[in-house]
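I have placed the structure first, in the form of structure tokens, so that the comments after it can refer back to it.
The values are calculated or read from the model by the stated rules, or taken from the named source; none is laboratory data. No experiment lies behind these values; they were computed from the predicted model shown. Because the Cβ atoms are built from the backbone with ideal geometry, glycine has one as well, and the counts that use them run over all protein chains shown.
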Amino acid sequence: MAHIVSTINLKGGVGKTTITAALAEIMAAEHGKRVLLVDLDPQTNLTVYMIGEAHWKDLNDSDRTLATLFRDAVEPRSADGLFDIDAALQRDVSPVRTVTQVDLLASSLDLIDIQDRLLAPSGEFLHDPVELLARQIEKISGNYDYVLVDCPPNLSILTLNGLRISHGYIIPTVPDFMSTYGIAQVRSRIAKFATDVGVDIPAIGLVISKYRSEVTLHQQMADYLQRTGQDDGLHVFESRIPESGDIAAAAEFNDWGTLRQRYGYKGQYDALAALTVEFMHLVESS
């Protein structure tokens, strides 16, 4: 059975998408894992990161993104809907030539409008929208070792769909006050949702990202998170992912030769590789 993990933070710009992509690529290339990426964020950053904008547009124009799945719930155009998970599934999507076994379910900008329509005017859920993704993922999850879900920076219906199928979640955060402010609220809301739907969705850990070791505030906040995480029962990953122009440039859809070329030779890739090992150990031992 696949290990299904969501990546979430209510604050944008914390490295959520980069960490999700790097975990997938490194698990596949270095550890032989079969990984499915599920992009639930309407910003489509993970999708474009993995397949490029031109390929994404082709998928969007031909109803092969997750927008079609959710649109079927509010605009039933046939008895079974138009969404076909086999047609939507994009295989071996990494632009790094040495990476295989990473597949993708693509996002769409259309999700911005669709997610608002999944609620009736009275506030009642239509078509059990929290279960929409689950029904599709159960058809294919047995083909994978890991399913990684990139959630929007909110707790919308889209995020709840991702959490509903997840066995746990990670929270990437920049070690500053604004980025860490809402972590307790995220955990509390997810715990309530898990109780409501009758599943266990534990926090796997906190990932310190965009870390600048020369900045005193980053050092102090990262150390504080390590200490308080132990008291709060929240694991804080040992590997701190550095702020890096190389990692930022990795988001460009280029013909990358190797993962080190994509993520950086000056310790950046090593930090992500160490995070991946720690991540797999925590997930597989839980």
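Some points to look at:
- Residue within segment 195-204 that is assigned to a loop (DSSP other than H, G, I, E, B), in contact with a strand residue (DSSP E or B) (Cβ under 7 Å, 6 or more places away or on another chain) and farther than 30 Å from T98 by Cβ present: yes
- Contact annotation: residue pairs with Cβ atoms under 7 Å, 6 or more positions apart or on different chains, pairing a residue in segment 83-96 that is touching a residue at least 12 places away in the same chain (Cβ under 8 Å) and within 18 Å of E25 (Cβ to Cβ) with a partner that is among the small types (G, A, S) and surrounded by 13 or more Cβ atoms within 10 Å (Cβ to Cβ), are Q90/A106.
- Close Cβ contacts (under 8 Å, 6 or more residues apart or on different chains) running from residues in segment 266-277 that are under 14 Å from S209 (Cβ atoms) to residues that are of a type in the set (S, T, Y) and in a helix (DSSP H, G or I) comprise L272/Y263.
- Some residue of segment 54-65 being over 13 Å from the mean Cα position of the chain (by Cα), of a type in the set (D, E) and exposed (fewer than 15 other Cβ atoms within 10 Å of the Cβ): yes
- Pairs where the first residue, in segment 188-202, is over 19 Å from S286 (Cα atoms) and the second is hydrophobic (A, V, I, L, M, F, W, C) and assigned to a helix (DSSP H, G or I), C-beta under 8 Å, 6+ apart: F193/L160; F193/L163; V197/V130
- Among (1) free of Cβ contacts under 8 Å to residues at least 40 places away in the same chain; (2) surrounded by fewer than 20 Cβ atoms within 10 Å (Cβ to Cβ); (3) within 22 Å of R187 (Cα to Cα), the one test that E238 misses: (1)
- Some residue of segment 122-135 being touching a residue at least 24 places away in the same chain (Cβ under 8 Å) and within 22 Å of S286 (Cα to Cα): yes
- Verdict on R91 being farther than 22 Å from I157 by Cβ and modelled with pLDDT of 95 or more: yes
- Per this entry, T195 is counted among residues that are β-branched (V, I, T) and surrounded by fewer than 14 Cβ atoms within 10 Å (Cβ to Cβ).
- Count of residues meeting criterion [on the phi > 0 side of the Ramachandran plot and modelled with pLDDT of 95 or more] in segment 1-18: 0
- Among residues that are more than 20 Å from the chain's Cα centre (by Cα), surrounded by fewer than 20 Cβ atoms within 10 Å (Cβ to Cβ), assigned to a helix (DSSP H, G or I) and among the acidic types (D, E), D231 is included.
- Every condition in (1) surrounded by fewer than 18 Cβ atoms within 10 Å (Cβ to Cβ); (2) over 18 Å from the mean Cα position of the chain (by Cα) is met by E278 except one, and the failing one is (2).
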